[in-house]
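The values are calculated or read from the model by the stated rules, or taken from the named source; none is laboratory data. Because the structure is a prediction, the values reported are computed rather than measured. All Cβ positions, glycine included, derive from the backbone under ideal geometry; neighbour counts span all protein chains shown. Heavy atoms of the whole protein, side chains included, go into the accessibility calculation; ligands, DNA and RNA do not. Shrake-Rupley method; radii C 1.70, N 1.55, O 1.52, S 1.80 Å.
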Amino acid sequence: MRIAVSGSIATDHLTVFPGRFADQLVPSQLHHVSLSFLVDDLEVRRGGVAANIAFGLGGLGLAPLLIGAVGTDFGPYEVVLKEQGVDTSGVLVSGERQTARFMCTTDQDANQIAAFYAGAMAEARDIDLTTLIGNAAPDARPDLVLIAPNDPEAMLRHTRQCRELGIPFAADPSQQLARLDGTQVRDLVDGARWLFTNEYEAALLLERTGWTRDDVLDRVGTWITTLGSHGARAECADGTTLRVPAVPDVPVVDPTGVGDAFRAGFLAATARGLALKAAVRLGCSVAAEVIRTVGSQSYDAAADRLLANLTAAYGTDAAEEIAPYLAVVTREGGDSS
Ligand SMILES: Nc1ncnc2c1ncn2[C@@H]1O[C@H](COP(=O)(O)OP(=O)(O)OP(=O)(O)O)[C@@H](O)[C@H]1O
Ligand SMILES: [Mg+2]
């Protein structure tokens, strides 16, 4: 089963100011601030929701198609994604703008001054799935397209094009929910095979759409809501709700990208034919690996680590049920499903 992931591709540029911002601000001169901080430790981290999820799927042995817009600075990032097994042929390279970039400086008191440059992401709306996917050979067509946070026009366009092409899609509006109106959110969600939110976004989605929980469940296949350290819940139209606890006792080093890793684990499991409960468990297991590491693409999705998490959280039988599916990945290093 081939999965395509449409969404943001970005880098985080993080610096540390070894002083206090407050000491540099002169209250009487705030009307013409002109400050420059000499910073230490520039760290560039790979990120962007679609790139994170594609990275995770690649690490689990699938060969996901990444769809998004970047700048000509994407070269070194692309190398890493390709090494991970990600197909980057769906990435549009802008001739004018650089890849989306989050720039943040943190001071000694953990105060932050940040800016997000959307850059080339705005051009994701120019990517035409009808051309990219519709004209592909039948065996190269994705069986599922995940629509992750991105330029809102791109999210809406790609969702509509999935409907027109008859390709199942998953809706993952996440942080973009805040800037979408009710009509747009309804358009992104209606008819999704899977809907992903965290707990806050689940409430925001109901508020934005004006739908009840049942209205949502009438319109999507299954609604998966991640609950942070409480794990995740899956709600189905037939009224069943499944609750899966998180992996216990995970040292929280850096939670960035944890939701994306969950989606990668979940989707890899469903792509390989695992049932819902096992898929949610694998999602939690992959998410636990991200929390232990700094950044959202520095973790190791090796089968033995994932199995250790599964055993700790759900017992030996649960781990043994999933093990053969992970073994396929480890043995062949590719998507054999
Ligand atoms: N403290 C924790 N310990 C173990 N697992 C966790 C913890 N926090 C999160 N997880 C795992 O990660 C999954 C996703 O977490 P969460 O609901 O916080 O996502 P999120 O809010 O979308 O995060 P983000 O958008 O920052 O990536 C959870 O379902 C759970 O499996
Ligand atoms: Mg999230």
Residue satisfying all of: in the stretch 1-36; among the β-branched types (Val, Ile, Thr) and assigned to a strand (DSSP E or B); most open to solvent (accessible area, probe 1.4 Å) among these: VAL16
Test: residue in the stretch 197-207 that is part of a strand (DSSP E or B) and open to solvent by less than 30 Å² (accessible area, probe 1.4 Å): yes
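Does at least one position in the stretch 238-252 carry a residue that is within 21 Å of ASP143 (Cβ to Cβ) and open to solvent by less than 60 Å² (accessible area, probe 1.4 Å)?
Here is the first cut: in the stretch 238-252, the residues within 21 Å of ASP143 (Cβ to Cβ) are none.
No - not one qualifying residue is present in the stretch 238-252.
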Matching entry among ALA278, ALA261, ALA269, ALA287 (being surrounded by 24 or more Cβ atoms within 10 Å (Cβ to Cβ), assigned to a helix (DSSP H, G or I) and away from ligand 2 (no atom under 14 Å from the Cβ)): ALA269
Out of VAL253, VAL258, sole residue that is over 18 Å from THR197 (Cβ atoms) and within 20 Å of the chain's Cα centre (by Cα): VAL253
Counted residues, the stretch 131-180 - those being more than 16 Å from ligand 1 (Cβ to nearest atom), closer than 18 Å to ASN52 by Cβ and assigned to a helix (DSSP H, G or I): 3
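Just the residues that are farther than 21 Å from GLY257 by Cβ and either part of a helix (DSSP H, G or I) or within 16 Å of ligand 2 (Cβ to nearest atom) (or both), please, taken from the stretch 208-233.
Across the stretch 208-233, the qualifying residues are ARG208, THR209, ARG213, ASP214, ASP215, VAL216, LEU217, ASP218, ARG219, TRP223.
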Selection count, the stretch 208-237, where residues are touching a Gly at 6+ places or on another chain (Cβ under 8 Å), closer than 15 Å to VAL185 by Cβ and either open to solvent by 40 Å² or more (accessible area, probe 1.4 Å) or within 8 Å of ligand 1 (Cβ to nearest atom) (or both): 3
Any hit, the stretch 290-298, residues being modelled with pLDDT of 95 or more, crowded, with 20+ Cβ neighbours inside 10 Å and farther than 26 Å from THR222 by Cα: yes
Cβ-Cβ under 6 Å pairs, at least 6 apart or on other chains, the stretch 188-202 side within 11 Å of SER174 (Cα to Cα), far side within 16 Å of ligand 2 (Cβ to nearest atom) and acidic (Asp, Glu): PHE196/ASP172
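Mind telling me which of the residues ASP260, ASP254, ASP304 ends up being closer than 21 Å to ALA148 by Cβ and more than 8 Å from ligand 1 (Cβ to nearest atom)? Break it down stepwise before answering.
Values: ASP260 fails: more than 8 Å from ligand 1 (Cβ to nearest atom); ASP304 fails: closer than 21 Å to ALA148 by Cβ.
Checking each option against the conditions leaves just ASP254.
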